[in-house]
Amino acid sequence: MSERSERSGGRGGSSPHKEHSMTLLQVTDLRLSFGGVRAIDGLSFEVGEGEIVSVIGPNGAGKTSAFNCVTGFYKPIGGSVLLDGTPVTGRRPASIAGLGVSRTFQNPRLFGELSVLDNVRAGTHLWLRQSVFDALLHTPRYRRSEQEATDEAHRWLDFVGLRGERAGLVRNLPYGEQRRVEIARALARRPKLLLLDEPAAGLNHTEKAELLDLIRRIRDLGTAIALIEHDMGLVMEVSERVVVLNFGREIAVGAPAEVRRDPAVVEAYLGRDADEEELAAAREQVRGGREEVRGGTD
Amino acid sequence: MSAGDASQEGTPHVEPGPQAGQGAQAGQGPPVKHGPPVKPVRGRGPSVVTRLMETRYLGWIGLAIALGAPLIIATPYALNVMTSAAIFVMLAVGLNIVVGYCGLLDLGYAAFFAVGAYTGGVMAAELDIPLIATVPAVLVVTVVAGIVIGAPTLRLRSDYLAIVTLGFGEIIRICATNLEITGGPSGIYGIPGLFGDDVLTEPAAFYYLTVLIVAVAVLLAARLGRSRLGRAWRFVREDEDAAEAMGVHTYKVKLAAYIGGAVWGGMAGVLFAAHLTAISPPSFTFLWSALVLMAVVLGGMGSTPGVVVGAVFISLAPELLRDLADYRFFVFGVLLILVMIVRPQGLWPHRSQETARTAARSKEPVA
Ligand SMILES: Nc1ncnc2c1ncn2[C@@H]1O[C@H](COP(=O)(O)OP(=O)(O)OP(=O)(O)O)[C@@H](O)[C@H]1O
Ligand SMILES: [Mg+2]
């Protein structure tokens, strides 16, 4: 375990991308179990300011659980989560959101019976200045803040490129559009760190390309992104660093191209008993991925 | 009453555009500035009923109906019934904060009604002061009651919450039956009027006063619903985890809903004490809690005009059916079941509050 951490640290440092001097999120030796089942077993990784880090791994590796520990939805039994140096383990999700963390869910969790705009307005909850008395008396501050929330919601819906009606109920939107609304809602929080849990799941080819562009534009705003994703094309294209999880711990950390080559990663994805055909397919995939990366960085 | 005072009050700078729910928008066409065309929700323009239901003068219309009713019938009996109905409306909009906005099932809402009525009634009778002077004290007591009942129960899941609130409703009533200061089973009599004993004793005058107070209460409750806190309530109702992820402290927000409900219920209790000048434990049984909840569900949870209509229906229907003598509650029950089958969303369901202006896209992209 400790050997691994050192190794991964070294790799992170040798990343071809720009150095991230400030660590925004630092997860150390995280442990979480569900009635004896160790979902997370000594996981460590970090996300620097303005960095895009992908978290990948086979199904059940503990990726979503790790996000849930970071955002306060699960209480880890050991280890620490530091946000900007502040320990957050044991805090409730709302309080962690207050520190500048925003997230989406693996299965979109929108407020179905509310309008699209109201869903995105949820992101403004933390910073909107409006007291109960402003609301009861309709003070100028109430009007200003409501206008601000509406403008902000529209701006982020524009930013994510939502097609479709904004005044209508969010549950009437097609699936792909709902995923956009969920990202817009998370962005309206104006987070320092955005956690995306499989944002490409269920999207078609065009939508994936748009998502790739969107993720880059979010990073350009200065927001750090941690991304769980099964779509390797997207991961290889967009990430500055990749953390590979298996059985609740990181088995490799590094630049996308490095991680691809790692035998431990190939093994984790295919299992020890992978037959020749599968191995050939994996090698093929790796070759393709490398070309993508080269194309992306040039 | 003043339902739509609340839903669409006539302050032009607050909501300048015409009400554009989904129906209205299909007719006018949403002001899309760019991007692909937006599919209309309905093929035809809004019907007369839709337009009437969404007019911004709804509140004024409701208020006018309430104020005009005594011109049609003004017997002491009718005024008595109408005053009770107005107080019932206030209870319903209060419970709507808890059940409709926030989605918390409260089966003991009569507890707050009782706390308000008894606090006001006992203070006014003991100190011999007008009821209105007890309002600050009633506010404090109801807020405390909201916290005392809400703080331990709101950590529970909603199904447990329903049972615990049911228990609290009974506890308050049994306390009132057994305490000396509340007059025991026979209650308290001779509560001074709202402004002392000789002012506003005319049934019609008291009715008008009640309508105005209730109108303000309805307006304020609706304003709460359209605020940052009101949105947070709806987020909690829709998905607590997602709300937390957006920084909504769900426990505090639920407690705020409870306190809001308690204050509205308590104030309705003061009006009730002023109306009857006597209160006793049988006025605060579970039946009351159930009837108020019924008004909220029947009208349309979370919808101010709906809840007002529901409350008026629940309080007036048994009176209008009085000719049926022993059958009236039977018919009342059948009517309720029929309404819920025909309109499961309620008589007047909540609609998205986006206006033409808020629904329009902004011009500048994110900086
Ligand atoms: N709430 C829970 N209760 C019990 N077990 C859980 C719970 N959440 C996760 N687990 C278990 O923890 C392990 C890790 O699950 P997790 O959802 O974190 O995996 P994942 O890496 O996100 O997988 P996927 O790629 O399928 O989303 C799994 O074995 C899962 O069954
Ligand atoms: Mg997952």
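So which residues in region A:193-213 are farther than 18 Å from B:Ala242 by Cα, touching a residue at least 40 places away in the same chain (Cβ under 8 Å) and surrounded by 18 or more Cβ atoms within 10 Å (Cβ to Cβ)?
Once the filter is applied, which keeps residues that are farther than 18 Å from B:Ala242 by Cα, touching a residue at least 40 places away in the same chain (Cβ under 8 Å) and surrounded by 18 or more Cβ atoms within 10 Å (Cβ to Cβ), region A:193-213 yields nothing.
What number goes with the only condition from (1) acidic (Asp, Glu); (2) more than 20 Å from A:Arg103 (Cβ to Cβ); (3) within 16 Å of ligand 1 (Cβ to nearest atom) that A:Glu237 does not pass?
(3)
Go through region A:66-75 residue by residue and tally those that are under 12 Å from the mean Cα position of the chain (by Cα) and either within 6 Å of ligand 1 (Cβ to nearest atom) or without any contact (Cβ under 8 Å) to a residue 40 or more places away in the chain (or both).
1
Given the conditions (1) within 14 Å of chain A (Cβ to nearest Cβ); (2) part of a helix (DSSP H, G or I), which single one is not true for B:Met301?
With respect to (1) within 14 Å of chain A (Cβ to nearest Cβ); (2) part of a helix (DSSP H, G or I), B:Met301 is out only on (2).
Name the residue, out of A:Arg185, A:Arg155, A:Arg166, that is closer than 15 Å to A:Gly112 by Cα, more than 16 Å from ligand 1 (Cβ to nearest atom), part of a helix (DSSP H, G or I) and at the interface with chain B (Cβ under 10 Å from one of its Cβ atoms).
A:Arg185
Looking at this structure, is A:Arg217 within 11 Å of another protein chain (Cβ to nearest Cβ), on the phi > 0 side of the Ramachandran plot and surrounded by fewer than 18 Cβ atoms within 10 Å (Cβ to Cβ)?
No.
So, A:Gln147, is that one more than 7 Å from chain B (Cβ to nearest Cβ), surrounded by fewer than 20 Cβ atoms within 10 Å (Cβ to Cβ) and not in a loop (DSSP other than H, G, I, E, B) or not?
Criteria met by A:Gln147.
Does at least one position in region A:84-107 carry a residue that is within 16 Å of ligand 1 (Cβ to nearest atom), touching a residue at least 24 places away in the same chain (Cβ under 8 Å) and over 16 Å from the mean Cα position of the chain (by Cα)?
So far as region A:84-107 goes, no, none of its residues is within 16 Å of ligand 1 (Cβ to nearest atom), touching a residue at least 24 places away in the same chain (Cβ under 8 Å) and over 16 Å from the mean Cα position of the chain (by Cα).
Quickly run through region A:115-130 and pick out the residues that are surrounded by fewer than 22 Cβ atoms within 10 Å (Cβ to Cβ) and facing chain B (nearest Cβ under 7 Å).
A:Leu126, A:Leu128, A:Gln130 - these are the residues of region A:115-130 that are surrounded by fewer than 22 Cβ atoms within 10 Å (Cβ to Cβ) and facing chain B (nearest Cβ under 7 Å).
Select from region A:240-274 the residues that are of a type in the set (Phe, Trp, Tyr) and at pLDDT below 90 and list them in ascending order.
Selection gives A:Tyr269 alone.
Can you list the helices (runs of 4 or more DSSP H) lying wholly within region A:23-132 that have 1 or more residues being within 16 Å of ligand 2 (Cβ to nearest atom)?
In region A:23-132, A:63-70 are the helices (runs of 4 or more DSSP H) which contain 1 or more residues that are within 16 Å of ligand 2 (Cβ to nearest atom).
Of all the residues that make up region B:213-243, how many are surrounded by 24 or more Cβ atoms within 10 Å (Cβ to Cβ) and farther than 27 Å from A:Arg144 by Cβ?
Residues in region B:213-243 being surrounded by 24 or more Cβ atoms within 10 Å (Cβ to Cβ) and farther than 27 Å from A:Arg144 by Cβ: 1 in total.
Based on what the data block shows, is A:Ala188 away from ligand 2 (no atom under 16 Å from the Cβ) and at pLDDT below 95?
So A:Ala188 does not fit the description; no.
I'd like to know if region B:308-317 contains one or more residues that are at pLDDT below 80 and under 26 Å from B:Ala215 (Cα atoms).
Checking region B:308-317: not a single residue is at pLDDT below 80 and under 26 Å from B:Ala215 (Cα atoms).
Does region A:17-43 hold any residues that are more than 14 Å from the chain's Cα centre (by Cα) and more than 16 Å from ligand 1 (Cβ to nearest atom), and which are they?
The answer is A:His17, A:Lys18, A:Glu19, A:His20, A:Ser21, A:Met22, A:Thr23, A:Gln26, A:Thr28, A:Asp29.
Against the definition (β-branched (Val, Ile, Thr) and more than 8 Å from ligand 1 (Cβ to nearest atom)), how does A:Val47 come out, yes or no?
yes
Select from region B:197-254 the residues that are away from chain A (no Cβ under 14 Å) and in contact with a Gly (Cβ under 7 Å, 6 or more places away or on another chain) and list them in ascending order.
Result: B:Val199, B:Leu200, B:Thr201.
Quick check on A:Glu277: is it farther than 26 Å from A:Pro191 by Cβ, of a type in the set (Asp, Glu) and at pLDDT 75 or above?
Spelling it out, it is not the case that A:Glu277 is farther than 26 Å from A:Pro191 by Cβ, of a type in the set (Asp, Glu) and at pLDDT 75 or above.
Quick one: in region A:193-208, which of the residues that are away from chain B (no Cβ under 13 Å) and in contact with a Leu (Cβ under 9 Å, 6 or more places away or on another chain) is farthest from ligand 2 (Cβ to nearest atom)?
Selected residue: A:Lys208.
Is it the case that region A:55-65 has a residue that's within 14 Å of another protein chain (Cβ to nearest Cβ), surrounded by fewer than 22 Cβ atoms within 10 Å (Cβ to Cβ) and within 13 Å of ligand 1 (Cβ to nearest atom)?
yes
Please state which one of A:Glu229, A:Glu198 is within 16 Å of ligand 1 (Cβ to nearest atom) and on the phi > 0 side of the Ramachandran plot.
Exactly one of A:Glu229, A:Glu198 is within 16 Å of ligand 1 (Cβ to nearest atom) and on the phi > 0 side of the Ramachandran plot, namely A:Glu198.
Name every residue in region A:149-197 that is of a type in the set (Gly, Ala, Ser) and under 14 Å from A:Pro108 (Cα atoms), in order of residue number.
A:Gly176, A:Ala184, A:Ala186
Do any helices (runs of 4 or more DSSP H) lying entirely in region B:55-172 carry at least 1 residues that are small (Gly, Ala, Ser) and closer than 19 Å to B:Gly266 by Cα, and which ones are they?
In region B:55-172, the matching helices (runs of 4 or more DSSP H) lie at B:76-95, B:110-127, B:135-153.
The values are calculated or read from the model by the stated rules, or taken from the named source; none is laboratory data. Owing to the predicted nature of the structure, the values given are computational and were not obtained by experimental measurement. As a convention, Cβ positions derive from the backbone with ideal geometry for all residues, glycine included, and neighbour counts pool all protein chains shown.
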